[in-house]
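Notes to accompany the following structure.
The values are calculated or read from the model by the stated rules, or taken from the named source; none is laboratory data. Bear in mind the structure is a predicted one, so any value in this text is a computation, not a measurement. Cβ placement follows ideal geometry from the backbone for every residue including glycine, while neighbour counts extend to all protein chains displayed. Remember, those area values only see protein heavy atoms, side chains included, never the ligands or the DNA or RNA. Shrake-Rupley method; radii C 1.70, N 1.55, O 1.52, S 1.80 Å.
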Amino acid sequence: MNLVRQVRRVLHAPSQTATRLNGLGGARGTGVGVNSGGRSPGGAAATATAAACPPPHSLLSLRVGCALRLRHYSSGGAAASETPFRPLDLFHRRHTGSGSEQANREMLQTVGVDSIEQLMDQAVPRSIRTQRQLSIGPKRAESEVLAELRTIAQQNELRTNFIGCGYYGTLMPAVIQRNVLENPAWYTQYTPYQAEVAQGRLESLLNFQTMVSDLTALPIANSSLLDEGTAAAEAMAMCHVAARGKRPKFFVSDKAHPQTIEVVRTRAGPMGIEVVVGDAHAVHFGSGEYSGALVQYPATDGSIESYAEWVERAHAHDTKVVVATDLLALTMLKPPGEWHADIALGYAQRLGVPMGYGGPAAAFFACTENLKRLVPGRIIGVSRDANGRPALRMALQTREQHIRRDKATSNVCTAQALLANISAMYGLYHGPDGLRAIAERIQRMARVFAAAVPEPAQVPEKLLLFDTVRVDYPAAADAEAVLQRCDAAKINIRRLSDTSLSVSFDETHTAEQLLALLNAFRRPQDPPLSLPELARLEQQMPPDGYASLPEMTRAATFARQSTYMTHPVFHEYRTEHKLVRYIHLLAAKDLSLVHSMIPLGSCTMKLNATSEMQPVTWPEFSLPHPFTPPEQMKGYARLFADLERVLADITGFEAASLQPNSGAQGEYAGLLTFLAYHRSRGEAHRNVCLVPTSAHGTNAASAKMAGLHIVPIGTDDKGNIDVAELRAKAEQHATQLAAAMITYPSTHGVFEEGIKDICEVVHRHGGLVYIDGANLNAQMGLTSPGEIGGDACHLNLHKTLTIPHGGGGPGVGAIAVTRALAPFLPSHPVQPVASAQPATAIGPISAAPYGSASILPIVWMFVHMMGSDGLREASQQAILNANYMATRLSSVYTVLYRGANGRCAHEFIMDLRPFKASAGVTETDVAKRLQDYGFHSPTMSWPVPGTLMLEPTESESKDELDRFCDSLLMIREEIRAIEDGRWDVHNNPLKHAPHTAEVLLAESWDRPYPRELGAYPARWLHTRGKFWPRVSRVDDVYGDRHLVCSCPPVEEMENAMTGRTAIGDNGAKEALGGA
């Protein structure tokens, strides 16, 4: 039995002790009881059906014995750390910023406790404290864990891939890999809500939107979605809303990628939408039942069809047209916007982002003007700052769907910003002519292959194709023989059916690989083809593109005639010198973790260690196609099995899925497992979800997407969930109660004492408890979602477990569940998921079987370097840092909520509302003024309007915490100067913040405070260096009223935004992406 199977056997097999305890009911040692009238899945009312599907909150999730603890899953493990001359580069002490004994003693003294244990006793209720040790293993050295991971990676066999199906090899330019992907100034940025310190990545994302808009010929494009499958599902939801929910059907062509079809089906079910899959030209729109229809262009088998008349027919019956397409193909093919499609979407992966066994990469999404307010995700727009200069921001922020809670049409929050930036840079580096050249080379390879495939193969189309060639055989035995010869030659191709195969070409393929592929398609009796013969065949091919097709009507139908990517930004950066300078020019405009701490509450902006990031670009992890046969990916299988085991251990659950590629997707997946569980028990009618009003907006949005009826639960005056209200509403909806969504510690930064009672109430009335994992950083090794009574949770691996935020993605929202919910974890239609049970699984949440697989090594590195004790100490340090800051700041600011013993968890809320009355100062003013001190603002106006929520994480040092506290204390004195009348309410440093170099260097200065106070309010800015915001405060209202979401002409922007030419050509070009 191999190692992966051994781990899975231990992971999934119920122990004897767990089985014996199962009759007690309740969540992993929480003592959730059974009463005579209860409907808890573990209660006396459980049916015979339920007996076959044990309760998800049962003690079966308790792994007993020492099986997993003793199997520290590594080559070396604990023994390696106990040998003489062990490595000295232990990681945990590099990760924890204030981990020195002296710094901690000083902080503990300020907080007023004698030890970290005393603080934990005060902050974390004893009733939920764990009595077990995590089973990950000891703290380990960076070099040791890297070496082990290298041995795991080497178990992945790299073959030549011609699989296609939406994923393609690509060549990431080294200048982009080194200066963007591997540059912490890019990957440690946060989502650009604070636009003044995010102009660089906003500009790059605007470039991405412009490229997408140009290539699709549609006017509105967003700044990325998660993958092509989820983008298609978002398009379906958008069509449904546009039809006001009155059209129950959505059509999908049977020539769409199979993973796209199934992700759409998964999303459609809870929304009550019927997905009809079939021949696009046979569908009848006359019934008026279809809100939208999706086609793949080019199709999954490589065929290319004209849809112009089909679109007219759909539009005649008010049916929206969605096109899943390929940006590289659109350099040659007539774009969807020119044949009047409403929405175009797809995957930008082949524009410079390796396949990564499925992700991450940026999906793109474009649409017509009339649909702009329904677009999921984020749109970057052009506005102006307080001085009238062009400035970028996230446009229409109030229409971000997850903010709209139960009125949302999407739960998208995290997307793929870092990967969109990479694809944008790829577009800049190659330019429109370079992209076209790559496309033509790919097409030429496909045409040569199509012409050279020997009999008995039949190629339906040899010229009207782009990158994919379908090959049909008269008998299954012929196709099987080709597959065997390809396997022998270490080549992977795609099987469409018993008698049909397909091959797809990309920019990485060489003449030698094409020759090897052709010879694998030749029978043993056929003479092998040689390179000179291949060259002669290539010379006989017609000109590239579609203009030379035999019938002129076909050429006019398919060949792109329009120009694209004409903005100067796509023509300036063709040399490495220019591009590297542009990349660093943009990075210099953005505040990231390379500059200072980013204390965003609920976002956990901790260290993203270099040693964790290194494996992401290893070929064994970055190059595999997601549909590579599993036997070739033993390294990934081992990594996944171990991570699932670790995540289950940390959360106190039994099983995990790595497929969801964002936290919101994890929420959605978890809720779908709940609904599947209820259906398995004959209780499909359960459709009510209790959601606290303090919950993150994605909670309500995810519940709505899952088809649940949302019942809000208020909070008491201490910020806790109102247990009496929850109890009353759980009883009121007892027959329909499906779930409750709880964030723990609460979004108010407190370990609520009544969490077990809350879970017991929900269970007693037949519901399940979903724990939002956003605040898991306060729980590791101290408590867990399973132990407090939850049934499932998601883990924001881009928060707690150190995947970087990347300026708004990538992320991973892995979910962990009890044993009873494990049968319902997500599956996949193309590639088996080892942890899924296809007969009962909910279907795919993401397009790839393991979501964003190539960034999972980051998590693996982190947990194994930290070890069991290191993770617990990280949570302890995070709680100490937060309480230290809260103590220092509470002398002049009100900390809104605290636990029973006066302590916060790992974050806290600072109330600024009194200052609006006393000085006219808002939370926005304080947030912008912090930029002058060199800091990013904490989370603003959430979960309580008029407040800031601070989360320092464990990675920040005491001196950095002190600098931030000192900044806020000095800002309080600035507010006092306004209160005392020394500064005007409307003319003071807070109202004018942030202060740019341009403002400070202006000849005139009419403000009642010195210039130096504006830009250098703290002494350390002289010694540590000053981060300069590149624009003054951005005018949000102007940007929404004048929506511009692609790079506008420089002259137009200069005139429209300022009405003058003072910016100058060079200044305007720089502001808008020019040279």
Globularity ratio of the range 784-885, using Cα Rg and 2.2 N^0.38 Å: 1.25
Taking r as the C-beta separation of R126 and W1005 and R0 as 56 Å, the FRET efficiency to the nearest 0.05 is 0.45
Give, in nm to one decimal, the length gained when the segment between E101 and S530 is fully stretched (0.36 nm per residue of separation minus the Cα-Cα distance). 147.5 nm
Leaving out same-chain residues fewer than 8 places away, which aspartates and glutamates sit with a Cα under 15 Å from that of K606? E873, E907, E951, E954, E956, E960
Mean residue ellipticity (222 nm) of the chain, computed from DSSP H runs ≥ 4 via -39,500 (n - 2.57), nearest 500: -11000 deg cm²/dmol
The range 450-472 residues near the modelled D487 label - backbone nitrogen below 20 Å, point 7 Å along Cα→Cβ: 471-472
Looking at the chain, what % of its DSSP beta bridges pair antiparallel, to the nearest 5? 55 percent
Hits among lysines - C-alpha to C-alpha of K991 under 26 Å, sequence gap 8 or more where chains match: K589, K916, K928, K1026
What would the Debye equation give as log₁₀ I(q)/I(0) for the range 884-1015 at q = 0.13 Å⁻¹, counting only Cα atoms as equal point scatterers? -0.56
Given points 7 Å out from each Cα along the Cα-Cβ axis, report the R1041 to V985 separation in nanometres with one decimal. 2.3 nm
Given the protein chains as shown and a 1.4 Å probe, how many square angstrom of W1020 are accessible, to the nearest 10? 40 Å²
Pair D717, D318: separation of 7 Å Cα→Cβ label points (nm): 5.2 nm
At 1.4 Å probe size, what's the solvent-accessible area of E654? Round to the nearest 10 Å². 10 Å²
Going by the alpha-carbon gyration tensor, a ≥ b ≥ c the square roots of its eigenvalues, is the range 291-443 rounded (a/c under 1.5) or, if a/c is not under 1.5, prolate (a/b greater than b/c) versus oblate? oblate
Taking the highest mean first, how do the peptides 942-948, 297-303 order by number of other beta carbon atoms within 10 angstrom per residue? 297-303, 942-948
Mind computing the radius of gyration and Dmax over the alpha-carbon atoms of the range 137-192? Å is fine for both. 16.7, 42
Backbone N within the range 532-576 under 17 Å of label point (7 Å from E440 Cα along the Cβ vector): 538-549, 559-565
Quote the FRET efficiency, to the nearest 0.05, computed for D962 versus E369 with a Förster distance R0 of 51 Å and r equal to the Cβ-Cβ distance. 0.50
From the square roots a ≥ b ≥ c of the eigenvalues of the alpha-carbon gyration tensor of the range 793-835, which class results: rounded (a/c under 1.5), prolate (a/b over b/c), or oblate? oblate
Low-density loop positions, trypsin sites (Lys or Arg not before Pro), the range 992-1026 - DSSP coil, at most 10 other Cβ in 10 Å: R1019
Just the number, please: Stokes-Einstein D of the range 725-835 in µm²/s, Kirkwood Rh from C-alpha pairs, 25 °C, 0.890 mPa s. 159 µm²/s
HN-Hα couplings for the range 299-313 via Karplus (6.51, -1.76, 1.60; θ = phi - 60°), in whole Hz with x for Gly/Pro, come out as 6, 4, 8, x, 5, 10, 10, 8, 10, 4, 5, 4, 5, 4, 5
With L345 itself left out, Lys, Arg at +1 and Asp, Glu at -1 over residues whose Cβ is under 14 Å from its Cβ give -3
Over 27 Å between C-alpha atoms is what I'm after, so list which of K255/K462; K490/K799; K246/K729; K255/K320 land there. K490/K799; K246/K729
Please work out, to two decimal places, the log10 of the ratio I(q)/I(0) at q = 0.04, 0.06 Å⁻¹ from a Debye calculation in which every Cα of the chain carries one identical scatterer. -0.20, -0.45
Which of the aspartates and glutamates could a cross-linker span from K634 if the Cα-Cα distance has to be under 14 Å and same-chain partners fewer than 8 positions apart are dropped? E157, E620, D642
If you take every residue apart from L623 with its C-beta less than 12 Å away from the C-beta of L623, what net charge results, scoring Lys and Arg +1 and Asp and Glu -1? -2
Would you pull out the residues with amide H under 5 Å of A559's amide H, same chain only if 5 or more places away, H placed 1.01 Å from N? K334
What's the extension gain from T575 to W618 if we count 0.36 nm per residue and subtract their Cα-Cα distance? 12.9 nm
Using the beta-carbon distance between E309 and S562 and R0 = 22 Å, what value does 1/(1 + (r/R0)^6) give for FRET efficiency, to the nearest 0.05? 0.65
The computed P(r) of the range 624-741 puts the percent of Cα pairs beyond 24 Å at 43 percent
Rg/Rh over Cα atoms for the range 86-147, Kirkwood Rh, comes to 1.07
Extension gain E538-Q133, at 0.36 nm per residue separation less the Cα-Cα distance, in nm? 139.4 nm
Taking K and R as +1 and D and E as -1, what net charge do the other residues with C-beta under 14 Å from the C-beta of M425 add up to? +1
Starting from the Cα of V276, step 7 Å along the direction of its Cβ; do the same at A1018; then give the gap between the two resulting points in nm. 6.2 nm
